[in-house]
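Trainee: One structure, pasted below without further comment.
The values are calculated or read from the model by the stated rules, or taken from the named source; none is laboratory data. Nothing here was measured: the structure is a model prediction, and the numbers come from that model. No Cβ is skipped: glycine too gets one built from the backbone with ideal geometry, and neighbour counts run over all protein chains shown. Quick note on the areas: whole protein, heavy atoms, side chains included, nothing else; ligands and nucleic acids left out. Shrake-Rupley method; radii C 1.70, N 1.55, O 1.52, S 1.80 Å.
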Amino acid sequence: MWFNTPVTESLGIKYPIIQGPFGGGFSAPELVAAVSNAGGLGSFGAHNLTPGEIGTVTREIRTLTDKPFALNLWVSVADADGLGLTAERYAEALDFFRPYYDELGMQAPPPPEGHVEDYIGQIEALIEAKPDVFSFVFGIPSADVLARCRNAGIKTLGAATTVAEARALEDAGVDIVLATGFEAGGHRPSFIKAAERSLVGMLALVPQVRDAVRLPVVAAGGIGDARGVAAAFTLGADAVQLGSAFLACAESNTSDLHRELLFSTAADETVLSRAYTGRLARFMPNEFVEAVDAHPGARLPFPLQAWFTTPLKKAALLADRPELASFYAGQGAPLLKHRRAADVVAALVADLDARFSN
Ligand SMILES: Cc1cc2nc3c(=O)[nH]c(=O)nc-3n(C[C@H](O)[C@H](O)[C@H](O)COP(=O)(O)O)c2cc1C
């Protein structure tokens, strides 16, 4: 059967269909469980969670499903120069952001004090929570962490945006490689070269990764329906990961406005920009992104940029000013049809059954 692949075998799932994790508060236990219960692999993006919250969320997921699921972390939680700002640089950034804060009637955030997520604590909490799969982006966990996952029976799934990154993941002993093309929504998780120098489309990346490594390969980026899945299989993938298609579902934790935009012509155009977090990400374009991109002084490394934009995005949504908020979307969003996660999986399976039945 088309759905029996090295990935389904390794992860103990029925269908080689993975719901991509969402950081930034967009993941939901209900979404993870809906996908896992439908025979795929649900994933929870935990990179913004405290270690304690990782335990809580895992318990919540387990009340909703007894099937395998993934927890996801960002291996690199700050750019090399992303830990602190000089007073001059803070003032320069505020010069740009202040008119937006004023317009939204909000206070400017105080100077950032080098706040970064507690990656070490997150890893300890994740291993303790013992999800079936640990998926990660922006680097490779240490050999010690990978060995501890192996001993705990946690499969590891690492993201590559280039062949060199896929090889590095294999050399480190990771179990499965995700080949993510530049069509994908959300951040470009490159970790060897700059993301702008690592922009390979899914069509070119998947067969090259397939040829370069012996590991099972998962394809992501722009897959919106069964045609994309069938294409990914033809290119050599053993499974697919869809993000935007599940983000648009009722069970995700995004806003109704974001869901509506994903199903509207607004999703016909997406851009890659560092405007919101300091790391390159794909979302729908708007006035704010264009202003940041035109103003180099307004761009700071990750996570400093997010220090200035996160409160602004929240205030913009509350003030009904969507042109200042961020709406992530992949290039495949215009293909989306289904609003429940189980329907996304069922529609893919029905179509793929018909395509591959002979
Ligand atoms: C809003 C949003 C947040 C995301 N956050 C993460 C994340 O924290 N970790 C991760 O590994 N991938 C993250 N991704 C990538 C998705 O898991 C998935 O790989 C990607 O969306 C697939 O491309 P597609 O949107 O074209 O289907 C995110 C994607 C979106 C749209």
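Trainee: Tell me which residues, restricted to the stretch 37-75, are away from the ligand (no atom under 12 Å from the Cβ) and of a type in the set (S, T, N, Q). Before the answer, list the steps.
Mentor: First pass over the stretch 37-75, keeping only residues away from the ligand (no atom under 12 Å from the Cβ): 37-40, 50-69.
Scanning the stretch 37-75 gives 37, 50, 56, 58, 63, 65.
Trainee: Report the residue count in the stretch 170-193 for those that are small (Gly, Ala, Ser) and free of Cβ contacts under 8 Å to residues at least 24 places away in the same chain.
Mentor: First, pick out the residues of the stretch 170-193 that are small (Gly, Ala, Ser): 172-173, 179, 181, 184-186, 190.
Next cut, free of Cβ contacts under 8 Å to residues at least 24 places away in the same chain only: none.
Total meeting the criteria: 0.
Trainee: Determine, yes or no, whether residue 84 is within 13 Å of the ligand (Cβ to nearest atom) and in contact (Cβ under 8 Å) with a residue 24 or more places away in the chain. Working first, answer last.
Mentor: Details: within 13 Å of the ligand (Cβ to nearest atom): no; in contact (Cβ under 8 Å) with a residue 24 or more places away in the chain: yes.
When the stated conditions are applied, residue 84 does not pass them.
Trainee: From 240, 271, grab the single residue that is open to solvent by 10 Å² or more (accessible area, probe 1.4 Å) and closer than 25 Å to residue 195 by Cβ. Talk me through it step by step, then tell me what you get.
Mentor: Numbers: 240 fails: open to solvent by 10 Å² or more (accessible area, probe 1.4 Å).
Step by step, each of 240, 271 is checked, and only 271 is open to solvent by 10 Å² or more (accessible area, probe 1.4 Å) and closer than 25 Å to residue 195 by Cβ.
Trainee: For residue 247, which of the numbered conditions (1) closer than 23 Å to residue 43 by Cα; (2) surrounded by fewer than 19 Cβ atoms within 10 Å (Cβ to Cβ); (3) of a type outside the set (Asp, Glu); (4) within 16 Å of the chain's Cα centre (by Cα) fails to hold?
Mentor: Looking at each condition in turn, residue 247 falls short on (2).
Trainee: Yes or no: the stretch 5-21 includes at least one residue that is within 16 Å of the ligand (Cβ to nearest atom), within 18 Å of the chain's Cα centre (by Cα) and open to solvent by 20 Å² or more (accessible area, probe 1.4 Å).
Mentor: yes
Trainee: If a residue has to be closer than 21 Å to residue 83 by Cβ, open to solvent by 10 Å² or more (accessible area, probe 1.4 Å) and among the hydrophobic types (A, V, I, L, M, F, W, C) to count, how many in the stretch 290-299 make the cut?
Mentor: 0
Trainee: Of the numbered conditions (1) under 23 Å from residue 107 (Cα atoms); (2) surrounded by fewer than 23 Cβ atoms within 10 Å (Cβ to Cβ), residue 353 satisfies every one except a single condition; which is it?
Mentor: Of everything listed in (1) under 23 Å from residue 107 (Cα atoms); (2) surrounded by fewer than 23 Cβ atoms within 10 Å (Cβ to Cβ), residue 353 misses just condition (1).
Trainee: Quick check, is residue 127 among the β-branched types (Val, Ile, Thr) and farther than 24 Å from residue 279 by Cα? Before the answer, list the steps.
Mentor: Numbers: among the β-branched types (Val, Ile, Thr): yes; farther than 24 Å from residue 279 by Cα: yes.
It is true that residue 127 is among the β-branched types (Val, Ile, Thr) and farther than 24 Å from residue 279 by Cα.
The rows are residues; the columns are (1) within 16 Å of residue 139 (Cα to Cα); (2) away from the ligand (no atom under 13 Å from the Cβ); (3) acidic (Asp, Glu).
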residue: 171; (1), (2), (3): yes, yes, yes
residue: 182; (1), (2), (3): no, no, no
residue: 187; (1), (2), (3): yes, no, no
residue: 192; (1), (2), (3): yes, yes, no
residue: 205; (1), (2), (3): no, no, no
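Trainee: Of all residues in the stretch 220-237, which are open to solvent by 20 Å² or more (accessible area, probe 1.4 Å) and either under 16 Å from the mean Cα position of the chain (by Cα) or within 9 Å of the ligand (Cβ to nearest atom) (or both)? Explain how you work it out, then say what you get.
Mentor: Restricting attention to the stretch 220-237, the residues satisfying the condition of being open to solvent by 20 Å² or more (accessible area, probe 1.4 Å) are 222, 225, 227, 231, 233-235.
Result: 222, single match.
Trainee: Now a separate question. Just need a number here: residues in the stretch 49-67 that are hydroxyl-bearing (Ser, Thr, Tyr) and not in a helix (DSSP H, G or I).
Mentor: The total comes to 2.
Trainee: Counting only residues that are among the polar types (S, T, N, Q) and either on the phi > 0 side of the Ramachandran plot or modelled with pLDDT under 95 (or both), how many does the stretch 1-48 have?
Mentor: From the stretch 1-48, those among the polar types (S, T, N, Q) are 4-5, 8, 10, 19, 27, 36-37, 43, 48; that's our starting set.
From what's left, either on the phi > 0 side of the Ramachandran plot or modelled with pLDDT under 95 (or both): none.
The number of residues fulfilling the criteria is 0.
Trainee: Among the helices (runs of 4 or more DSSP H) lying completely within the stretch 241-358, list those that include at least 1 residues that are within 16 Å of the ligand (Cβ to nearest atom) and of a type in the set (Phe, Trp, Tyr).
Mentor: Details: elements: 244-247, 256-262, 287-293, 304-318, 341-355.
Those helices (runs of 4 or more DSSP H) span 244-247.
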